1. Considering every residue within segment A:302-315, establish whether at least one is out of contact with any strand residue (DSSP E or B) (no Cβ under 9 Å at 6 or more places or on another chain), under 30 Å from residue A:397 (Cβ atoms), assigned to a helix (DSSP H, G or I) and more than 14 Å from chain B (Cβ to nearest Cβ).
2. When you check residue A:369 against the structure, is it within 14 Å of another protein chain (Cβ to nearest Cβ) and either exposed (fewer than 12 other Cβ atoms within 10 Å of the Cβ) or touching a residue at least 40 places away in the same chain (Cβ under 8 Å) (or both), yes or no?
3. Would you be able to tell me the number of residues in segment A:183-206 that are farther than 27 Å from residue A:34 by Cβ and either touching a helix residue (DSSP H, G or I) at 6+ places or on another chain (Cβ under 9 Å) or surrounded by 14 or more Cβ atoms within 10 Å (Cβ to Cβ) (or both)?
4. Could you please find all residues in segment B:96-110 being more than 14 Å from chain A (Cβ to nearest Cβ) and either surrounded by 18 or more Cβ atoms within 10 Å (Cβ to Cβ) or more than 16 Å from the chain's Cα centre (by Cα) (or both)?
5. Among the residues of segment A:519-533, is there at least one that is within 19 Å of residue A:418 (Cα to Cα) and crowded, with 20+ Cβ neighbours inside 10 Å?
6. Which numbered condition trips up residue A:482, out of (1) surrounded by fewer than 18 Cβ atoms within 10 Å (Cβ to Cβ); (2) in contact with a helix residue (DSSP H, G or I) (Cβ under 9 Å, 6 or more places away or on another chain)?
7. Could you check residue A:164 against (1) under 18 Å from residue A:87 (Cα atoms); (2) buried (at least 20 other Cβ atoms within 10 Å of the Cβ) and say which number it fails?
8. So is residue A:338 under 60 Å from the mean Cα position of the chain (by Cα), loosely packed, with under 15 Cβ neighbours inside 10 Å and without any contact (Cβ under 8 Å) to a residue 60 or more places away in the chain or not?
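The values are calculated or read from the model by the stated rules, or taken from the named source; none is laboratory data. What you are looking at is a predicted structure, and each value in this text was computed from that prediction instead of being measured. Heads up, the Cβs are rebuilt from the backbone with ideal geometry, glycines too, and the neighbour counts pull from every protein chain shown.
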């Protein structure tokens with residue numbers, strides 16, 4: 001908070017306190033003024049009372065003068081106690097007309113009738129009473145204290161006629177006393193008055209002082225008001241800002257109303273959709289009923305299914321047991337196969353070594369015999385030696401084929417993309433050179449590349465091309481056509497020749513090991529080549545097959561993955 | 001035995017040995033040829049031990065024709081001993097075997113064999129192979145001396 005603001009607050013606090021003081025002083029002032037008014041009223045009343053007292057005194061004096069003129073209130077009373085006569089004084093003192101007084105009981109006009117009665121009884125008894133105090137009661141309520149002097153009066157015969165009573169009004173004496181008292185009171189009230197006046201003077205001085213204070217406060221108030229005015233200006237500024245804010249609010253409200261209008265439209269649409277929904281709901285109710293019915297049917301079927309499932313579960317358990325047995329058997333067979341493979345490996349190794357060496361010896365020694373002693377032998381002996389060599393050679397080829405074939409199963413195939421076109425072209429040239437047959441015509445069409453093991457597939461092509469060359473060798477114009485086509489996700493390669501062909505009845509025997517459809521005299525061979533082809537292609541996940549017609553040619557097909 | 005050995009033939013099969021020697025002789029490649037019948041004998045000769053202790057080890061043959069499958073110590077072990085010994089590892093060794101096994105071929109080359117020849121079954125092919133390698137190692141190839 002800034003110092004200025006702090007000072008402002010302090011000043012305001014002081015102003016509030018000053019105001020409170022002023023209000024309190026004004027109230028005090030008002031109290032004093034009210035008290036002064038009451039005191040003045042009392043003073044006025046006292047003055048009036050005094051005047052009244054003086055008037056009454058005058059009246060009393062006047063009455064006394066009347067009594068002096070007409071004696072004291074006088075009355076005569078009969079023996080029966082009835083008034084027989086009165087004077088003006090008495091009429092005045094009782095307030096009752098003469099007419100009405102006479103004949104009435106004398107004691108009626110006193111405050112104490114019994115005492116009055118006792119008084120005139122004493123008169124009759126003693127002949128007189130003097131200064132007998134009684135109080136006359138005027139008709140208007142006014143009381144007159146009197147002292148009675150009474151005596152019987154007699155007629156000239158001495159007969160008691162009645163009582164003559166004269167009352168001496170003692171009111172005046174009483175009033176004198178009362179007046180003194182009243183004067184004393186008045187004097188006291190004067191004093192009091194003066195005291196009040198002095199207090200008033202003091203109060204007025206205080207008032208003046210308070211007024212001065214008031215003015216000072218007013219001046220402070222004026223300053224405060226100026227500050228307030230400044231604050232009001234600030235307030236107005238804020239009000240202007242508020243007005244701007246309000247305008248923005250109004251704008252936003254307008255926007256809101258627009259949105260509200262949009263909402264109304266949206267609501268109408270919703271209402272329409274709800275109506276549609278209800279329609280659909282009704283349709284749904286119908287559909288649900290149908291569904292309920294179908295569910296019932298379903299449950300029935302489900303129950304039937306549960307039963308069926310139970311049967312199935314039982315069957316499954318049986319199957320599981322069977323499967324477990326089967327798995328065990330498979331594992332056993334696998335183990336057996338693995339050991340069989342190992343045996344085969346060592347078998348082929350020993351064949352490779354131990355079987356070929358004797359053969360080489362047979363072949364070798366037969367040839368040595370022929371070389372060293374050929375001239376000395378009969379022609380028939382020469383023929384026999386030659387047969388020995390031929391058969392030994394043939395057996396060597398069979399053993400080599402068998403070894404190659406058995407090795408195929410053990411090799412792992414590393415696959416790479418092979419450009420078949422290049423490979424086959426190269427192989428055809430090589431074989432053509434080797435065969436030394438310039439008549440052979442190769443037609444190599446487009447060959448798709450494939451991802452395969454290059455060594456294995458090269459062997460496949462060598463065997464197939466060699467086959468084609470071999471079996472078409474007898475033709476005048478051997479034609480070998482090679483090509484490929486894509487079918488689905490595989491490539492079908494083919495090699496066709498116009499050679500010896502084969503009988504389709506034996507097509508299934510073509511790819512079996514050592515299976516031959518021709519004799520060695522017709523076409524030399526071991527019966528291993530196509531078996532190797534089949535094994536290698538199968539290892540690639542492909543298929544092989546052949547089509548042919550005896551003496552018209554053969555076609556070999558194999559597939560590889562793209 | 002101070003004379004220089006050109007060819008050391010290590011072969012347990014006497015027929016193979018005879019046919020090999022006959023072929024070499026026909027081509028006049030059999031001078032200073034020594035035929036030993038198993039690996040143990042071959043090691044004795046090469047490292048001048050046992051029966052050959054009087055020999056000088058540095059008097060190495062021009063080429064060793066080594067069969068693999070032999071009784072006692074086989075060809076692979078002989079090859080290993082020759083090729084891991086500083087004194088003998090420069091001797092050219094040609095494995096002459098009936099085995100076409102890939103494993104044998106790889107193992108021999110891994111040990112540092114200088115050539116690997118499979119003996120053909122057919123005799124004329126056999127003669128051709130022996131003649132070629134004899135000519136090559138004795139006449140064409142220059143051995144370190």
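1. Within segment A:302-315, the first condition is being out of contact with any strand residue (DSSP E or B) (no Cβ under 9 Å at 6 or more places or on another chain), and the residues that meet it are A:302-315.
If we keep only those that are under 30 Å from residue A:397 (Cβ atoms) as well, we get none.
Looking through segment A:302-315, none of the residues is out of contact with any strand residue (DSSP E or B) (no Cβ under 9 Å at 6 or more places or on another chain), under 30 Å from residue A:397 (Cβ atoms), assigned to a helix (DSSP H, G or I) and more than 14 Å from chain B (Cβ to nearest Cβ).
2. Working: within 14 Å of another protein chain (Cβ to nearest Cβ): yes; either exposed (fewer than 12 other Cβ atoms within 10 Å of the Cβ) or touching a residue at least 40 places away in the same chain (Cβ under 8 Å) (or both): no.
Against the criterion (within 14 Å of another protein chain (Cβ to nearest Cβ) and either exposed (fewer than 12 other Cβ atoms within 10 Å of the Cβ) or touching a residue at least 40 places away in the same chain (Cβ under 8 Å) (or both)), residue A:369 does not qualify.
3. So in segment A:183-206, the residues farther than 27 Å from residue A:34 by Cβ come out as A:183-184.
From what is left, the residues that are either touching a helix residue (DSSP H, G or I) at 6+ places or on another chain (Cβ under 9 Å) or surrounded by 14 or more Cβ atoms within 10 Å (Cβ to Cβ) (or both) are A:183.
Selection size over segment A:183-206: 1.
4. To start, the set of residues in segment B:96-110 that are more than 14 Å from chain A (Cβ to nearest Cβ) comprises B:108-110.
B:108, B:110 - these are the residues of segment B:96-110 that are more than 14 Å from chain A (Cβ to nearest Cβ) and either surrounded by 18 or more Cβ atoms within 10 Å (Cβ to Cβ) or more than 16 Å from the chain's Cα centre (by Cα) (or both).
5. If we filter segment A:519-533 for residues that are within 19 Å of residue A:418 (Cα to Cα), which is where we start, we get A:533.
With crowded, with 20+ Cβ neighbours inside 10 Å added as a condition, the list becomes A:533.
Yes, there is a match, as at least one residue in segment A:519-533 is within 19 Å of residue A:418 (Cα to Cα) and crowded, with 20+ Cβ neighbours inside 10 Å.
6. Tallying (1) surrounded by fewer than 18 Cβ atoms within 10 Å (Cβ to Cβ); (2) in contact with a helix residue (DSSP H, G or I) (Cβ under 9 Å, 6 or more places away or on another chain), residue A:482 fails exactly one: (1).
7. Residue A:164 satisfies every listed condition except (2).
8. On the way: under 60 Å from the mean Cα position of the chain (by Cα): no; loosely packed, with under 15 Cβ neighbours inside 10 Å: yes; without any contact (Cβ under 8 Å) to a residue 60 or more places away in the chain: yes.
No.
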